[in-house]
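Report on one structure; see the data block that follows.
A short reminder: the numbers here are calculations on the coordinates, not readings from a lab. Values in this document were obtained by computation on a predicted structure and should not be read as measured data. Here Cβ is always computed from backbone atoms with ideal geometry, including for glycine, and neighbour counts include all displayed protein chains.
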Amino acid sequence: MKPATKEVWRQGEKGMVDFLGANAALRDVTPGDADRYKLHMIGSKLAPMTIRKRLQFATMVFRAAVRQRLIVDSPFTGVTMKGTMPNRERFVTQDETRRLLIACPNHHWRAVISLARYGGLRCPSEVLSLRWEDIDWAGGKILVTSPKTEHHPGKGTRRIPLFPELKAVLDEALKLAEKGAVYVVDESMRKACQGPGGWMNVNLRTTFLKIIKRAGLAPWERLFHNLRSSRQTELAETFPAHVVCDWLGNSEAVAMKHYLQTTDDHFSRAAGESPKAKQSRAADGDDDPANPKADARSKAKQKAKQSGAAKARSDSHRERANPGIADRNEPRRNPANTQTDGVGFEPTNDFRRCRFSRPVHSTALPPIQTAAVSPPPRASVARACRRSCRRRSLASLPSPSAGGLDPPPEYPLPRCPRDRL
């Protein structure tokens with residue numbers, strides 16, 4: 001059992017004894033006592049994860065008593081607490097890492113910060129366990145010993161690449177290392193963890209806070225974890241997720257929940273900001289909220305934007321009040337002949353003129369009014385038949401020359417429509 005687990009159990013035992021009493025019998029603890037114990041810890045302003053772990057310890061103790069037939073039921077059955085962790089992520093950029101390395105007092109601390117930030121090693125366990133013989137300079141690999149996951153089959157060690165950022169720092173540490181040194185980092189730091197408390201006895205936080213202050217940075221929460229988390233976020237941009245998790249020794253689910261972060265660079269690339277503009281903005285100090293010049297420049301930009309927007313609104317109101325102003329001040333332009341290349345529009349295309357099925361009436365001339373033609377009445381066919389028959393009967397009369405009558409006019413006789421049937 002690891003020393004950190006023993007410490008968690010010790011705190012859980014102390015909490016139960018303080019609340020229930022050292023002489024309380026197991027059979028006398030009721031489910032109401034379990035609920036009151038939970039409310040007592042909530043009233044003591046303990047963190048949700050601390051309450052959750054102490055309730056898990058109490059459930060484990062009473063479940064063991066049930067298996068040994070000491071009690072019938074466990075009073076802590078169903079008594080739990082949802083563990084919620086606040087957002088304590090902080091992406092440490094490479095520029096900030098360079099400032100930290102400059103502020104380090106010696107090469108040992110440069111190795112500690114580089115292994116955590118550029119190698120993604122857990123600090124202090126994996127960083128202080130790295131030996132010189134674990135570095136394969138020719139093959140470009142590092143064998144990492146992981147005390148945290150050694151109880152899992154096949155998870156005691158893993159290999160990571162010898163990243164270029166690590167190589168320069170490790171070269172310096174090798175040149176300055178004492179003769180016969182076994183570990184990369186000063187062994188005095190490792191000796192502090194050989195006590196009962198294990199890795200918790202290694203106090204690296206105090207010195208690291210001094211380095212952060214000397215570098216001109218503001219301290220962040222979870223100092224060493226965010227160094228490792230920043231490295232995994234960077235590697236996830238280039239390599240597949242399963243490869244990065246194999247290098248850092250965690251799972252994809254754990255990486256998504258506790259390691260991968262959303263950085264300012266993601267927003268800049270999404271907004272289309274070029275790297276040169278970002279570098280110039282960083283050089284001017286616009287990203288630093290504590291810079292008074294940056295604050296003044298941002299206020300000036302905001303004021304200019306507001307004045308421009310106010311002018312545009314006033315022009316729009318004036319044009320709506322007097323529609324003829326725009327026509328008098330600006331010449332008419334044909335949109336088809338306007339070149340819009342390079343001003344935010346798509347390039348112009350030459351479309352072939354085509355005839356539309358429905359005529360488009362011009363606004364200058366009124367549309368042509370066409371008279372509606374009504375269909376012929378149904379009786380017109382019968383009337384034509386009667387007229388044709390009457391003409392044929394006239395043609396059958398005797399010749400006018402015999403009776404002294406004038407000859408009828410010569411005209412063709414129409415055919416009767418009934419002859420076509």
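Some points to look at:
- Volume in Å³ per residue [convex hull over Cα atoms, computed for region 1-160]: 179 Å³
- Vicinal HN-Hα couplings computed from phi for region 91-97 (Karplus, 6.51 cos²θ - 1.76 cosθ + 1.60; Hz; Gly/Pro x): 7, 9, 6, 5, 5, 5, 5
- Distance violations [Cα-Cα > 19 Å] among K2/K210; K6/K53; K210/K257; K2/K38: K2/K210; K210/K257; K2/K38
- One chain, two ends: F267 and E252. Fully extended at 0.36 nm per residue, the span grows by 3.1 nm beyond their Cα-Cα distance.
- At q = 0.15, 0.17, 0.24 Å⁻¹, base-10 log of I(q)/I(0) for region 3-67 (Debye sum, equal scatterers on each alpha carbon): -0.45, -0.58, -1.17
- Cα pair distances in region 94-266, grouped into 5 Å bins until the bin that holds the longest one, percent each: 1, 8, 16, 22, 22, 17, 10, 3, 0, 0
- Taking θ as phi - 60° and the Karplus parameters 6.51, -1.76 and 1.60, the scalar couplings of region 5-20 work out to 5, 4, 5, 5, 5, 5, 5, x, 5, 4, x, 5, 5, 5, 8, 8 Hz in sequence order, x denoting glycine and proline.
- Mean Cβ count within 10 Å, highest first, over the residues of peptides 173-184, 241-252, 95-106: 241-252, 95-106, 173-184
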